[in-house]
Each structure stands twice: as C-alpha cells, then as structure tokens.
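Quick notes on the structure that follows.
Laboratory data are not the source of any read-out in this text; all were calculated from the coordinates shown. As the structure is a computational prediction, the values presented were derived from the model and not from experiment. As a convention, Cβ positions derive from the backbone with ideal geometry for all residues, glycine included, and neighbour counts pool all protein chains shown.
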Amino acid sequence: MKDHDARGIPHTTPRQSATFTQDANSDIRRAAATGIYDIRGGGAKRKVPHFDDLLFLGASISRYPLEGYREKCGTDVTLGTRHASNPIKLDIPITIAGMSFGALSGPAKEALGRGASAAGTSTTTGDGGMTPEERGHSSKLVYQYLPSRYGMNPDDLRKADAIEIVVGQGAKPGGGGMLLGQKISDRVAEMRNLPKGIDQRSSCRHPDWTGPDDLEIKILELREITGWKVPIYVKVAGARPYFDTTLAVKAGADVVVLDGMQGGTAATQDVFIEHVGQPTLACIRPAVRALQDLGMHREVQLIVSGGIRNGADVAKAMALGADAVAIGTAALIALGDNDPKWESEYNKLGTTAGAYDDWHEGQDPAGITTQDPELMKRFDPVEGGRRLRNYLKVLTLEAQTIARACGKNHMHNLEPEDLVALTMEAAAMAQVPLAGTDWYPGKPNTSY
Amino acid sequence: MQTFDLEAQGLRALNATLHAQADNTNQTKWEIINPKGSHAIAVGLDAPIEVNVKGSTGYYCAGMNKQATVHVHGSAGPGTAENMMSGTVIVEGDASQYAGATGHGGTLIIKGNASSRCGISMKGIDIIVHGNIGHMSAFMAQSGNIVVCGDAGDALGDSCYEARFFVRGSVKSLGADCIEKEMRPEHIELLEELLERGGCDAKASEFKRYGSARTLYNFDVDNAAAY
C-alpha cells in the first residue's frame, strides 16, 4: 500500500474501530451468513475484574508466617453440617462442578471420578442423570437435580452423597440449555427418554415448583425420600447473590453453590454468556454477607465457582469467605482439552488450541466433550484421572503456600484482611482496600 | 390394616415406616389419618403396598413412587405423584398444578379436575383425568399418555415430544408444535385400556388424539452445524 495518493497527499494510518472490532465484525458476518445466533461453551471471555486483580499481603512484623513443609495448614472441609446426618467430608476444598454425561463422554466422566477420588474430593453429575461408571469411580458424588429431570430416579437419588438443586448456572442465569442431536447417542437418548438424534432442550426453570416457598417444600420432599441423610445444595448463578443466598438458606439449603459468569462448561448463546450475570469476584462478598446477616456463615457452606484456575484463585475465594470452590473448565483442560497437541485438528474446525469452545457440537479433538466412538478412543480415563489428581494436588499445595505465608494454619482462616486490590473495580467488588490505601469504594463511614 | 395418625406421629416417622417395608412385607395395607394437607406424604415408596390417605394432601404426595398404590381420599396439592416411576396413585378429588410432573411410569388417576401444567415434562407416566385439565398441561411432555374425559385448557402439549393426549371435550388451544392426530385402531385399543384402568365411564370413540408435529425436534436443521 502506497503511503500517499496520486496527488502526493499522504494517507492517514488505517484505523480499526474500537467499537466495530475485528471480533465484532466477524460476529456480524457469521450472523449474516447463518441467520442464527452463535452457541458455545467456555464461559465469559470478556475481561472482567477477577482474582488476578487481588493480591495477598503475606506476613510481616505484624503477622506471623507458618513454616512451609513443616507447620500444618489444614485443607479439609465438611459440607452439609446444617441438616444432613451424613455431611460430606473432603480432604481438599476444591470440588468438581456438574457436567453432564451427554455433554461429556462416559470415559471423561470416569476420569473426573478417578481424579477427584484420588485427591479426596467430590465430583458432580449433570443434566442427563447418573452413570454407573461415574458412581463407581467417584468416592463422593453429588447428584444434580435439574429442571429437565432427565434420568432422575429415586434409586440414583439414594445412591448420591449429596443432592444439588440447580436453580441457575453462571454461564446463563435464567437460561435453559440444549444438547444438539448429533450428540444424542443411543445411550444418551435412553437415559433421557427421548428419540435419538433430536435436539434435547433443558428447561430454564423447574417444572414443579416456583419461588422460594415452593423450594422449601421441594427440599423437604427430597429430604424425606433420602431419609435426611445427605446434604442438599442449592446452586445459583451469579445474578443477585445476596437475595439468592438468603432465599436458598431460608428454603433450607445445607450448602449454597454460587457460579459466576466465567463458569462455563454449559453451552448457550454467546450473547447470553457475555451479557448476562456478574463476575465471580462481584458475587462472593454479597453472598457471604447474606450468610453473616442470617448468622449462617460456616453453618451453611458456600462453594464458589467460575474462573478458578490456580491455587491463588482458590485462596482468594476462600479469603473472601467461601468454604470451598468448584472447577469445571479447568478440570477439562487438566484432562487434556484444548491441548496444543491437537492444534492441526482445532485448525480444521476453524479455531485454535485454547480457544476451542464448541464443546456442544461433539467434535472435540481431545475426545472429552463428545459421544463419537472414534474420538472417544483418544481419551484414556486412567491417564485423565491421574492428570486431574495431579492438578488438584497442585492447586491445594499452592493455596496452602499462600495461606502459610499469611500465617494461617487452615485454609478457612484466610480472611479479607489478607487481601488488597489492584484496581478500583476489584476493590469495590471484593470490599478490600485498594493497594497502598486503607480504603475501598463503598467502605462504610467514608464519603466515596 | 395398619393405621398411622400423621398429626400425632409426624411426617418423618410416617415416611421412615413406609420406606422400611420390604418387597415381601406382610403389612400391605396402610391407612393414614389426619393428613390435614401436609406436604410430602408417602414420598419415595418402593414396595407393593397400598396406602390410603384419609383426607386432602399438600405438595408432592406420592412423589417418586415405585410399586405402591397411594389412594388420596380427598384433594391433592401441587406436584402429586411427581417423577413417579411405577405403581398407581388415585386422587378422589381435584389435583392442583403439576400433577404427574416428569413421571417416568405408573398410573395417576384423578377423579376430579387437574389444574395447570398437568403432566409437565412427563417421561412415560399414564395420567387419566375424569374431569378437566388446566392450561399448559403436558408442556414438553416426552412420552406416556394423558386421558382427559372433560376439557383441556390453553396451550395443551406445548413443545411436546412423543407423548399422546386423548381429550373427549374441547381444547381451548394447542401449544406450539402440538396438533390433532388421526385416531388409528391401535390408539383406540390403547385408549380403551386406559379408560378401563382409570375406571372412566366413557367411550374411546368420543375422544380426539393430539401429539407432536415434530417440527421443533431440530431447532433449525439447515444451520445445525453452526449452533
């Protein structure tokens, strides 16, 4: 391209629009070509305030650190102490979030069970019911009670170590789901009691209760069926965390699971993922405040999910008041999803390793989010389980390292006072001081 | 006949007692007195026993039932026989909303009327209603049968899959993708059996059949790869 026109007048530098970005333009072209919105998994990809915007202070003269490798820093957590006669005792405060058989292959579900069990934690079913291999390989299995009730039956309910009533998912607060026909194998169709090959819709709300008063009665029914033995979780999306947590507790939940907008193994419209819900960081403090206002913090446990990647994220979520965290996307990556070794195959699908998010289409080169028998052969559940165990151990060791540096002999002793924020937004959301100050936006008795 | 006073002995004791009945129990007949609209009565049963509830019930009576026959001698609250797997539930009076929701099997017989969302997301259950059913009944119904001797409200069978609906009276409106279908001999035969099972005084020839047009089975097949 010449730097001047025929008259010798210089061209200005070509300037891309900050509004009509290349990404936005590609979305427009795709919409114009297909006439249908884009559906994907992977959670919110836009940059939002997150745990990276927080830092731990560590110990100093005023704080006494613990010796790494020598002084104990506990990581165990007990979930469901409020009403259940058999609460769940986990060795580590990191659980595996719900992901369905149907969305994931049977071997992938097996690997999640193997890895979680080896690390001393729980895994969770998903839409579509409980599979024998999942139950068999999970020492502690949480059974999701979803609006679709695909595969729901009282026998599996009684085999579960906990029940999670799913009200919302971080990727799509207020939204349902759809499993595309190409993923509906004979087995998936049979478990869901629907014809093979059709798109299977999952409702956005439960068919037989509406609102918190009904939810209280639904929880009563589930407790009666299971003899008040197992904990009942209520999972909410990061929408109105103070009120949702309050109402879940009022309805009788033992555990509240709070899923922010970065949570995203569930497939839904891209526009939904990116524009509905709140960042995980913004949701934790209001949920904790709700528990504190009810006098239920630590009696009703809080599990936070949505964008947990490393031990620092685990420690930060817990310092803000969570009792445990859950991982979904990170667990799939640990199993081998989006691995660069499949780059040429990702390229054939029009994407690249790290950006592949069409998990719902069943063409996963890694053989994890598929029902294709040939692709499934690529995935070894034993090796996958070993990788997940390793990853969970590293998360735990990293979180312990930070907790010890803050002088804590148990992960649950981390507290907001251990944190500062790098940005005004993160300071406001996490309600911890902006680094270098003793102030955050909205701090009581301050004028800002 | 074993008699259980729910008001005096409490819900937990009731369900625990009924859950303790094995397949070969000799305590096969139970009578529950003073239900007084309590919720979650006789839920999660899994034995060939007969439970007679002497009065009206609250939410989720006989929820997730297997094998048992639960007979409500009154009216039933929301979600009666929800997610039933097998067995029989009979309601002498009316049933509130969500009756038989997500039921996988068994038979729910309602001698009076059923309110809205009867049979929502049903997955194999047979629901036989002597009276009318309310709006949005059989929403996303997957499989099984609903028989309505009276009328059906708005939006019957919206977004349904393979479930069948037989209605003797009027249908206020059909939901998305639900259409009237031909009554072939096999449907007449099926309906006659259902009417007999439900103790209905009606002829199969008086009914019309409704079900899915199957146009929503794939959201937009021309662009399926792009979803």
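Key figures for this structure:
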item: For B:161-170, mean number of other protein chain Cβ atoms within 10 Å; result: 1
item: Sum of side-chain charges, B:CYS118 neighbourhood, beta-carbon under 12 Å (Lys, Arg +1; Asp, Glu -1); result: -2
item: Dimensionless Rg over Rh [segment B:1-131; C-alpha; Kirkwood]; result: 0.94
item: FRET E, pair A:LYS159, A:GLU190, Förster distance 30 Å, beta-carbon r, rounded to 0.05; result: 0.95
item: 5 angstrom amide H check on B:TRP30, placed H, neighbours 5+ away; result: B:GLN2, B:GLU50, B:VAL51, B:ASN52
item: Alpha-carbon radius of gyration plus Dmax, which is the widest Cα pair, for segment B:55-98 in Å; result: 9.2, 24
item: Table column - 3J(HN,Hα) (Hz), segment A:387-392, Karplus curve with 6.51, -1.76, 1.60, x for Gly and Pro; result: 5, 5, 4, 4, 4, 5
item: Per-peptide average of other Cβ atoms within 10 Å, ordering B:88-98, A:251-261, A:15-25, A:207-217 highest first; result: A:251-261, B:88-98, A:207-217, A:15-25
item: Relative contact order (%) - segment B:2-226, alpha-carbon pairs under 8 angstrom, separation at least six; result: 10
item: Point-charge dipole on Cβ atoms (K/R +1, D/E -1) for chain A, about Cα centre, debye to 20; result: 260
item: Simple label model, 7 Å out from Cα along Cβ direction - A:THR19 to A:THR401, nm; result: 4.6
item: J(HN,Hα) series, segment B:47-64, from Karplus relation 6.51 cos²θ - 1.76 cosθ + 1.60, nearest Hz, glycine and proline x; result: 7, x, 10, 10, 10, 9, 9, 8, x, 8, 10, x, 5, 6, 4, 6, x, 6
item: Antiparallel bridge percentage (DSSP; both residues within segment B:2-226; nearest 5); result: 15
item: Lys/Arg +1, Asp/Glu -1 at C-beta; segment A:327-448 dipole; positive extreme among A:ASN390, A:ALA366, A:LEU434; result: A:ASN390
item: Spatially close lysines, pair count over segment B:2-226: Cα under 16 Å, gap of eight or more or interchain; result: 7
item: Average beta-carbon neighbours from other chains, 10 Å sphere, peptide A:142-148; result: 1
item: Peptides ranked, highest mean first, by Cβ atoms within 10 Å: ranges A:221-233, A:409-421; result: A:221-233, A:409-421
item: Karplus 3J(HN,Hα) series, Hz, for segment A:340-351 with 6.51 cos²θ - 1.76 cosθ + 1.60 (x for Gly, Pro); result: x, 5, 9, 3, 4, 6, 5, 4, 4, 8, x, 9
item: Charge-dipole axis of segment B:2-226 as Lys and Arg at +1 and Asp and Glu at -1 on Cβ define it, positive-most pick from B:PRO48, B:LEU108, B:HIS73; result: B:HIS73
item: Segment B:117-227 - Kirkwood radius from inverse mean 1/r over Cα pairs (Å); result: 13.9
item: Highest to lowest packing among B:133-145, A:49-61, scored as the average C-beta count within 10 Å; result: B:133-145, A:49-61
item: Long-range amide H partners of B:GLY77 with built H, under 5 Å; result: B:THR57, B:GLY58, B:CYS61, B:SER96
item: Evaluated at q = 0.07, 0.09, 0.12 Å⁻¹: base-10 log I(q)/I(0), Debye formula over Cα of the protein assembly as shown; result: -0.51, -0.81, -1.28
item: Cα radius of gyration and Dmax for segment B:2-226 (Å); result: 18.0, 63
item: Neighbourhood charge, 9 Å Cβ-Cβ cut-off, centred on A:SER100 and excluding it, Lys, Arg +1 and Asp, Glu -1; result: 0
item: Summed side-chain charge close to A:ASN310 - residues other than A:ASN310 whose Cβ falls under 12 Å, Lys, Arg +1, Asp, Glu -1; result: -1
item: Dipole magnitude of chain B, debye to nearest 20 (Cβ charges: Lys/Arg +1, Asp/Glu -1, about Cα centre); result: 260
item: For B:80-91, mean number of other protein chain Cβ atoms within 10 Å; result: 2
item: Computed log₁₀ I(q)/I(0) - Debye formula, equal Cα scatterers, no solvent, segment A:144-234, q 0.12, 0.13, 0.14 Å⁻¹; result: -0.43, -0.50, -0.57
